[in-house]
Amino acid sequence: MENLATGYWFSEALFAAVELEVFTLLEPKGMTTAELADALVMPALGLGRFLQALCVLSLVVDEGGSYFNTQLASTYLVVGKRGYQGDSILWRKTLTAGWQDLSKCLKAGGRVNFPADEEDPSQFALRIRKYINAMDNVAKTKVEEILPFFEGLDLREMLDVGTGSGAIAAGFLEQFPSLSATLLDIQDVLIYTQELLAKREFGTRVSYLPTNILEPWTAAKEGFDVVVLSNIIHVYSKEEIPLILDRAANCLKPEGFLVIHDFFPEHFPEKAALLDLNMFINTYNGRTFPQAWVREQLSLSKLYTSELIPLETDTAVIFATKDESKLSSLRLVNRTPQLSF
């Protein structure tokens, strides 16, 4: 009970360290408390106590009075590294205010905090960018777990639905040189997606399709070898998901693959249950769904499905096809290396 009641102590220590870029400063040579205090322009006394707490959390190590990143911190918490998760971590900090109103949400039967009706356009754009950066951190790691399933296949056309930063599509584009990707999301998101992917120099291999997922799609019917719904299902209601799955199925070539990547209670029940509450607090209709229900909806869209396949991290995938025999062409065993996420 004490650990549950003080769980926020752990997250607040992590939030502060990421905000101050402590791990970036310590990489790669390490620092004494005094050196870090000079770099951060703050008193050394409290900082020394803070560094000891980070040691206990296995994020730094104390070697003779100098502090160094652990492998975990070096991989995921140093600005500029490929695996950096700092934007994602700090996005979680923005959610804490909503969680403090959980009892109010329960009494109201749903969300009680909403964006301002007339939000300043620049603030809206900034909020979108922070969210996309956060999801980009996660997606870059997730796509590395998903790609091995497709090893050896010849993929030419991909549709990434609710693409966000485009990180999932970018991973596929890097892995499959003959692949082109269509990225579907609302226009406000795609403006930033284009900025991010311009740095990757994919050129004409990427096209953008401004679309609200709940409105009709203009994506080519039966035009794609792969259609990806990554962390999309949990954002929508039980009534909305069948429509989304039908549209995704219509976009699949006869031999194509639909990828459902999401949180499922069968794989990581604690995370799935708490994410479900997060959706209750912060969205209009979002929730997590058991894999059996999702597979049933896919079957109603005339698709054959794999079993739920857990990833090494906290999410899992379901593959669906129009041709059941095509599922056997995926590498569903001995798939991915162990990740420390």
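Bear in mind these aren't lab numbers, they're just calculated from the coordinates by the rules spelled out. Fair warning: this is a prediction, and the values are worked out from it, not measured in the lab. Neighbour counts are summed over all protein chains in view; Cβ atoms, including those assigned to glycine, are modelled from backbone coordinates with ideal geometry.
Which one, SER58, GLN71, ALA44, projects farthest toward the positive side of the charge dipole computed for the stretch 2-84 from Cβ point charges (K/R +1, D/E -1)?
So the residue we want is GLN71.
Can you compute the charge dipole magnitude of the stretch 56-183 about its Cα centre, using +1 on each Lys and Arg Cβ and -1 on each Asp and Glu Cβ, nothing else charged? Give it in debye, rounded to the nearest 20.
It works out to roughly 400 debye.
How big is the dipole moment of the chain about its Cα centre under a simple scheme where the beta carbon of each Lys and Arg is +1, that of each Asp and Glu is -1, and everything else is neutral? Debye, nearest 20, please.
220 debye
Amide H neighbours of THR211 under 5 Å, counting only residues 5+ apart in sequence or on other chains, H built in-plane at 1.01 Å?
Hits under the 5 Å cutoff: ASP185, ILE186, GLN187.
Shape of the stretch 121-329 from its Cα gyration tensor (a ≥ b ≥ c, root eigenvalues): rounded if a/c is under 1.5, otherwise prolate when a/b > b/c, or oblate?
Rounded, since a/c falls under 1.5.
Under the rule a/c < 1.5 gives rounded, and otherwise a/b versus b/c splits prolate from oblate, where does the stretch 2-84 land using the Cα gyration tensor?
oblate
Which pairs in the list LYS29/LYS142; LYS93/LYS302; LYS107/LYS238; LYS104/LYS199 are over 32 Å apart, alpha-carbon to alpha-carbon?
LYS93/LYS302; LYS104/LYS199, as the Cα separations exceed 32 Å there.
Just from its helices, what would the mean residue ellipticity at 222 nm be for the chain, if runs of 4 or more DSSP H residues each count -39500 (n - 2.57) and the sum is divided by every residue, rounded to the nearest 500 deg cm²/dmol?
Theoretical 222 nm ellipticity from helices: -13000 deg cm²/dmol.
Around ASP101, under 13 Å between beta carbons, what's the net of Lys plus Arg minus Asp minus Glu among the other residues?
So the environment of ASP101 carries a net charge of +3.
If amide H atoms are built 1.01 Å from N in the plane of the peptide, which residues on other chains or at least 5 residues away come under 5 Å of the amide H of VAL227?
Amide H neighbours of VAL227, under 5 Å, 5+ apart: LEU159, PHE257, LEU258, VAL259.
Please work out the FRET efficiency for the pair ARG156 and LYS302, using the Cβ-Cβ distance as r and a Förster radius of 25 Å; give the result to the nearest 0.05.
0.65
Rounded to the nearest 5, what is the percent of antiparallel bridges among the DSSP beta bridges in the chain?
So the antiparallel bridges amount to about 45 percent of the total.
Given a cut-off of under 8 Å on Cα pairs at least six residues apart, what relative contact order in percent is computed for the chain?
Contact order relative to length: 13 percent.
Scan the chain and report its longest stretch carrying no GluC sites (Glu not before Pro) that are both in a DSSP loop and have at most 15 other Cβ atoms within 10 Å.
1-117
Just to verify a number: FRET efficiency for ASP117 and ALA198, C-beta to C-beta distance, R0 = 22 Å, to 0.05?
Once the sixth-power term is evaluated, E becomes 0.10.
Among ILE89, SER165, PHE268, flag the residue with its Cα farthest along the positive direction of the charge dipole of the chain, charges on Cβ as +1 for Lys/Arg and -1 for Asp/Glu.
Working it through, the farthest residue towards the positive pole turns out to be PHE268.
Please sort by residue number the trypsin sites (Lys or Arg not before Pro) in the stretch 69-130 whose DSSP state is loop and whose Cβ has at most 10 other Cβ atoms within 10 Å.
For trypsin sites (Lys or Arg not before Pro) across the stretch 69-130 that sit outside H, G, I, E and B with at most 10 neighbouring Cβ atoms in 10 Å, the list reads ARG82.
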